[in-house]
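The values are calculated or read from the model by the stated rules, or taken from the named source; none is laboratory data. Remember, predicted model here, so these are calculated numbers, not experimental data. Here the Cβ is made from the backbone with ideal geometry for all residues, glycine too, and neighbour counts use every protein chain on show. With ligands, DNA and RNA removed, areas are computed over all heavy atoms of the protein, side chains included. Shrake-Rupley method; radii C 1.70, N 1.55, O 1.52, S 1.80 Å.
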Amino acid sequence: MNKVFRNDALAKVTGIAKYTDDYTMPGMLHAAPVYPNCASARILKIDAADALALPGVVAVFTAGDIPGTIKLGQIIKDYPTLAHKTVRSTGDVLALVVAESRELALKAASLVRVELEMRPALLDPEEALQENAPLINPEHGSNICNIHHVRTGDIQKGEEHSDLILEETFTTGRIEHAYMEPEAALCHLRPDGVMEVIGSMQHPFSTRRFVASTLGVKLCEVEVKTVPMGGGFGGKDDTAALVCARAALCAWLLKRPVKLTYSREMSMRESYKRHPYKMQYRMGLKNSGKIEFVKVRMVADGGAYCSVTPWVTWRSTVQCCGSYRVPNVHCDVFGVYTNNPFSGAMRGFGSPQVNFAIEQLIEMAGEKLGIDEVAMRRINMLKQDDTTITGQKLDTHVVSLSQAMDTVLKEINYEKKRKLCSFGNPIAEEWYGIGFAISYRGMSLGAEGVDFNSAIINVQPDGSVLIETGVHENGQGSETAMILIASEHLGIPKELIRYRLPSTSNIPDGGTTVASRGTLLGGGAVVKAAELLRKIIAEALEVPEIKLENSQVLDASGKLLMSWEEAIRLCFSKQIYPYAFGVFQAPRVSWDEETGQGNAYFTWVYACQAVELKMNPKTKKVTLLNMVAAHDVGKAINPELVKGQFYGGMAMGAGYALFEDLPVENGLVRPTNLHTYKLARAVDLPEMTAILIEHPDKQTPSGAKGVGEPTNEIMAPAIANAIYHATGIRYKDQPLRIK
Amino acid sequence: MMQITVNDKIHEIPEELLEKSLVHWLREDLSLTGTKIGCDIGVCGTCTILMDMQAVRSCKLKLKDALGKKLITIEGMQSQDGKLHPIQQAFIDCGAIQCGFCTPGMVLSAYALLHKNLAPSREQIRKAINANLCRCTGYQQIIDAVEQAASVMRAEKQVSR
């Protein structure tokens with residue numbers, strides 16, 4: 001029988017776990033946002049008289065009430081917490097209504113009268129790129145939020161040396177994170193003058209920055225505490241921090257606790273989405289199957305605000321050729337402002353789009369050359385000590401791409417089953433298809449930014465331990481992973497260790513818990529802190545070095561010195577406190593923005609996923625039969641939870657291929673709730689198999705790499721490939737609109 | 001009779017509350033916040049409770065719909081001595097919990113199934129939890145958990161005979 005450890009499982013399975021909206025405070029007020037009815041306009045007047053006339057309505061606030069900075073952002077500060085003079089998207093918040101009850105606040109919000117001078121909205125990124133297009137954010141000086149390049153080799157030579165040239169355009173749509181818990185925040189001004197914030201957000205520190213900046217106060221005057229969060233998937237970074245900033249603004253101005261809980265409709269209207277991409281590929285190959293060049297232009301619709309568009313599109317740039325060796329590359333990726341809902345971080349972060357294209361393109365090329373899809377990948381895939389398109393030599397870790405592919409193909413019996421594919425056989429009653437895709441992925445932030453994390457190990461006089469890191473529990477089980485790493489490196493049972501209630505006032509900002517970096521960076525910091533703690537204990541014991549195993553302290557030769565408890569008591573009696581602060585700084589990376597060359601990420605992970613499906617030739621209904629994934633995770637700290645990431649990632653990837661789409665009409669997202677935005681339900685999904693590949697990475701103190709995002713970046717192309725094998729038709733637009 | 005029983009406790013319902021949303025009453029008036037609100041239109045399943053052992057979406061119901069009924073919320077799943085229900089224990093043991101926001105509703109949908117059928121197939125489990133969305137798990141380990149719980153409950157039933 002399985003026994004999986006999670007420090008929060010008991011609370012979550014009994015209903016004891018309190019999420020933000022479950023909290024209430026004496027004297028608490030409720031806020032509700034007011035939205036515009038168009039995507040582009042000048043704000044003429046906001047008249048709150050009718051709303052304020054309702055008994056129980058306390059206040060209506062607009063941008064003019066913000067004491068600090070109106071515009072916020074992680075990279076470019078272009079997002080107004082409350083819209084100021086201009087409407088740039090239908091998700092802009094014009095005003096906040098505060099009332100004694102949520103029901104009343106919602107009712108009053110509908111009574112706020114807004115006069116707008118409507119302007120034509122720019123909704124097509126290609127139009128926004130035109131020279132004479134009106135500027136969405138005039139301060140930025142261009143509708144191009146950012147451009148990234150790769151220039152490798154000589155594209156002209158690549159063209160000349162190619163026997164086959166393909167040109168294909170792929171598109172992907174706007175995707176909703178659809179975390180089950182919509183955004184919420186509860187803020188109150190403490191007696192010591194500190195604004196205390198709890199909220200459904202995955203980066204407490206950017207939330208603190210946003211709140212402090214909105215209120216015009218110092219960082220030490222804001223404390224953001226963590227409570228259980230109902231899913232994030234990248235979607236509760238800056239967009240959720242803004243919700244907290246709005247609640248804090250109301251609490252600050254009214255000196256009463258204020259809760260702002262979003263309905264699903266508000267969440268879907270306002271929160272950022274996965275970037276829609278248009279990807280125009282030109283690929284040249286030798287008759288042998290070897291890729292000679294890739295020329296690609298990508299346009300990502302960033303929507304009205306920057307958010308992390310420059311970082312998302314950077315990953316697409318670095319990984320624009322998938323996991324293949326390509327000697328000549330010319331890549332331009334544009335992040336573009338439009339009046340659409342803004343785009344930001346979502347699990348995968350610029351790679352699901354690229355993989356959707358490249359993992360089909362490689363098979364399309366193979367078919368033209370008469371080389372099967374497995375051989376095509378073998379010919380071109382990155383192997384040990386190969387050099388990536390940005391000039392990075394893969395010699396610091398095990399390059400397990402072929403291992404991942406072979407493992408999955410064997411598990412699913414690809415070679416045999418591939419022969420059963422229908423290719424749209426007109427006399428078949430049912431079509432069958434099997435497909436797969438492979439990927440590599442740069443770990444953590446890479447050259448996006450400073451990449452470090454810290455951990456505190458605070459041993460109590462009785463030998464029990466409090467730990468804390470700068471990593472946020474998004475639901476993935478990061479606190480549990482940190483406890484397990486501490487347990488291993490301190491040589492004590494996990495039951496002796498508790499994860500301390502995290503707060504921005506306890507530990508330095510370790511960056512946001514995104515980019516599959518939680519276990520990698522936070523776990524690294526725990527290992528570093530454990531190393532320091534061993535030095536502290538050694539000092540108390542007056543020996544040069546100790547080992548910690550089985551609740552015992554050993555000397556360097558392995559001789560028993562004393563028990564863990566005795567050693568800790570000795571530390572306290574000598575006033576040598578067993579308190580360690582460890583920092584893990586990710587190894588250096590490099591990037592040249594002009595040429596797109598550099599060691600983009602300090603380490604990489606490798607993966608393969610495959611799928612079997614059947615289709616009804618008449619209705620074209622797709623039934624998924626089986627999904628298999630193998631991922632190199634470095635080292636699995638909590639294997640069952642790692643597998644949980646595999647399953648969830650494959651499921652989300654299947655939804656990306658088949659169900660999920662968030663069309664926008666006049667800048668307004670058309671699906672308003674989860675009845676019109678289709679997520680994969682239990683009967684839509686097949687049984688899944690998760691295979692862990694472990695090559696502990698020497699560059700990471702715990703050996704672990706990341707798993708959250710890699711699992712969600714290749715099921716969609718695997719399904720597209722399987723559908724091609726079932727129907728004989730290539731679908732190059734996500735979601736696959738099968739006719 | 002203007003009463004609703006929640007987790008074995010009888011609540012007298014005043015006239016003016018009859019039109020109130022059941023989920024809001026549970027969360028706000030009874031502080032049973034284990035029942036969640038994810039969509040408020042009855043499609044996500046996070047507000048699932050049991051009404052006379054049927055899984056229902058409490059956001060779609062008003063108090064008047066629950067008069068005279070016996071409700072079970074996630075807070076009512078543990079036995080009096082605090083022991084977890086086998087379904088709860090199986091969710092923990094099988095790694096069926098990630099963010100946990102769907103968990104209460106999932107547990108209750110599973111309970112409604114196992115109340116009727118102690119030996120469901122994986123396909124039957126899928127159908128039973130189909131009204132409950134989960135964005136984290138792909139349902140795989142949730143289905144494992146329901147299977148495991150069924151096996152534990154079957155064994156318990158054998159013993160009690």
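Table for the structure above
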{"item": "Charge dipole magnitude, Cβ of K and R +1, D and E -1 - the stretch B:3-76, Cα centre, debye nearest 20", "result": "280 debye"}
{"item": "19 Å Cα-Cα threshold exceeded, pairs from A:Lys368/A:Lys618; A:Lys416/A:Lys614; A:Lys12/A:Lys528", "result": "A:Lys368/A:Lys618; A:Lys12/A:Lys528"}
{"item": "Integer Hz, Karplus 6.51/-1.76/1.60 couplings in order for the stretch A:574-586, x for Gly and Pro", "result": "8, 6, 9, 7, x, 10, 10, 10, x, 10, 10, 9, 4"}
{"item": "Length added when fully stretched, A:Val194-A:Glu545, from 0.36 nm per residue minus Cα-Cα", "result": "122.0 nm"}
{"item": "A:Lys273 long-range amide H proximity, modeled H, under 5 Å", "result": "A:Ser343, A:Gly344"}
{"item": "Solvent-accessible surface (1.4 angstrom probe) belonging to B:Asp8, in square angstrom, nearest 10", "result": "130 Å²"}
{"item": "Accessible-area ranking of A:Leu129, A:Leu548, largest first, probe 1.4 Å", "result": "A:Leu129, A:Leu548"}
{"item": "Whole-number percent relative contact order across chain A, with pairs defined as alpha carbons under 8 Å at least 6 apart", "result": "15 percent"}
{"item": "Cα centre as origin, Lys/Arg/Asp/Glu Cβ charges: the stretch B:5-161 dipole, Debye", "result": "500 debye"}
{"item": "Solvent-accessible area per residue, Å², over the stretch B:86-159 with all protein chains present [probe radius 1.4 Å]", "result": "29 Å²"}
{"item": "Lysines with Cα under 18 Å of B:Lys9, excluding same-chain neighbours fewer than 8 positions away", "result": "B:Lys64, B:Lys69, B:Lys70"}
{"item": "Of A:Lys3/B:Lys36; A:Lys259/B:Lys36; A:Lys290/A:Lys410; A:Lys273/A:Lys732; A:Lys18/A:Lys259, pairs whose Cα-Cα distance is over 18 Å", "result": "A:Lys3/B:Lys36; A:Lys290/A:Lys410; A:Lys273/A:Lys732"}
{"item": "Area hidden from solvent between A and B (accessible, protein heavy atoms only, 1.4 Å, total, Å²)", "result": "4100 Å²"}
{"item": "Most to least accessible of B:Ser109, A:Ser402 (protein chains only, probe 1.4 Å)", "result": "A:Ser402, B:Ser109"}
{"item": "Spin-label model distance (nm) - A:Leu560 vs A:Arg670, 7 Å beyond Cα toward Cβ", "result": "7.2 nm"}
{"item": "FRET efficiency, 1/(1 + (r/R0)^6) with R0 25 Å, evaluated for A:Ile75 and A:Asn132 via beta carbons", "result": "0.40"}
{"item": "5 angstrom amide H check on A:Ala95, placed H, neighbours 5+ away", "result": "A:Val34"}
{"item": "Long-range HN-HN contacts of A:Ser590 with modeled amide H, under 5 Å", "result": "A:Asn599, A:Ala600"}
{"item": "Dipole magnitude of the protein assembly as shown, debye to nearest 20 (Cβ charges: Lys/Arg +1, Asp/Glu -1, about Cα centre)", "result": "1260 debye"}
{"item": "Cβ-Cβ FRET estimate between A:Ile16 and A:Glu159, R0 fixed at 45 Å, reported to 0.05", "result": "0.10"}
{"item": "A:Asp124-A:Arg500 pseudo-label distance in nm [points 7 Å out on the Cα-to-Cβ vector]", "result": "5.7 nm"}
{"item": "For the stretch B:83-99, residues shielded by at least 40 square angstrom of accessible area compared with the chain on its own, probe 1.4 Å", "result": "B:Ile92, B:Asp93, B:Ile97, B:Gln98, B:Cys99"}
{"item": "Residue order for B:Lys83, A:Lys286 - accessible surface, 1.4 angstrom probe, largest first", "result": "B:Lys83, A:Lys286"}
{"item": "Relative contact order (percent, whole number), the stretch B:86-159, Cα cutoff 8 Å, 6+ residue spacing", "result": "49 percent"}
{"item": "Centroid-to-centroid separation of the stretch A:203-222 and the stretch A:702-721 [C-alpha atoms, Å]", "result": "34 Å"}
{"item": "Probe 1.4 Å - accessible area at A:Asp592, Å² to nearest ten", "result": "70 Å²"}
{"item": "Fully extended contour minus Cα-Cα distance, from A:Gln585 to A:Gln403, at 0.36 nm per residue", "result": "62.6 nm"}
{"item": "Backbone HN-Hα couplings from phi across the stretch A:79-89 [Karplus 6.51/-1.76/1.60, Hz, Gly and Pro as x]", "result": "9, x, 4, 10, 4, 10, 6, 10, 9, 10, 7"}
{"item": "Dipole of the protein assembly as shown [Lys/Arg +1, Asp/Glu -1 at C-beta], most positive-end residue of B:Gly138, A:Leu72, B:Leu61", "result": "B:Leu61"}
{"item": "With DNA, RNA and ligands ignored, accessible area of A:Phe61 (1.4 Å probe; Å², nearest 10)", "result": "20 Å²"}
{"item": "Distance (nanometres) between label positions extended 7 Å along Cα→Cβ at A:Asp462 and A:Glu429", "result": "6.9 nm"}
{"item": "Using θ = phi - 60° and Karplus 6.51 cos²θ - 1.76 cosθ + 1.60, couplings along the stretch A:117-128 (whole Hz; Gly, Pro as x)", "result": "9, 5, 10, x, 8, 8, 10, 10, x, 5, 5, 5"}
{"item": "Cα-based equivalent ellipsoid of the stretch A:26-78: semi-axis lengths in Å, sorted from largest, via gyration tensor", "result": "25, 18, 11"}
{"item": "Mean separation of Cα contacts under 8 Å, 6 or more apart, over the residue count of chain B: relative contact order %", "result": "24 percent"}
{"item": "Dipole axis of the stretch B:1-96 (+1 Lys, Arg; -1 Asp, Glu on Cβ), positive-most option in B:Gln78, B:Val43, B:Leu22", "result": "B:Val43"}
{"item": "Calculated Rg and Dmax of the stretch A:24-154 using C-alpha coordinates, Å", "result": "18.6, 71"}
{"item": "FRET E, pair A:Leu219, A:His149, Förster distance 41 Å, beta-carbon r, rounded to 0.05", "result": "0.70"}
{"item": "For the protein assembly as shown, diffusion coefficient by Stokes-Einstein and Kirkwood Rh (Cα), 37 °C, 0.692 mPa s, µm²/s", "result": "115 µm²/s"}
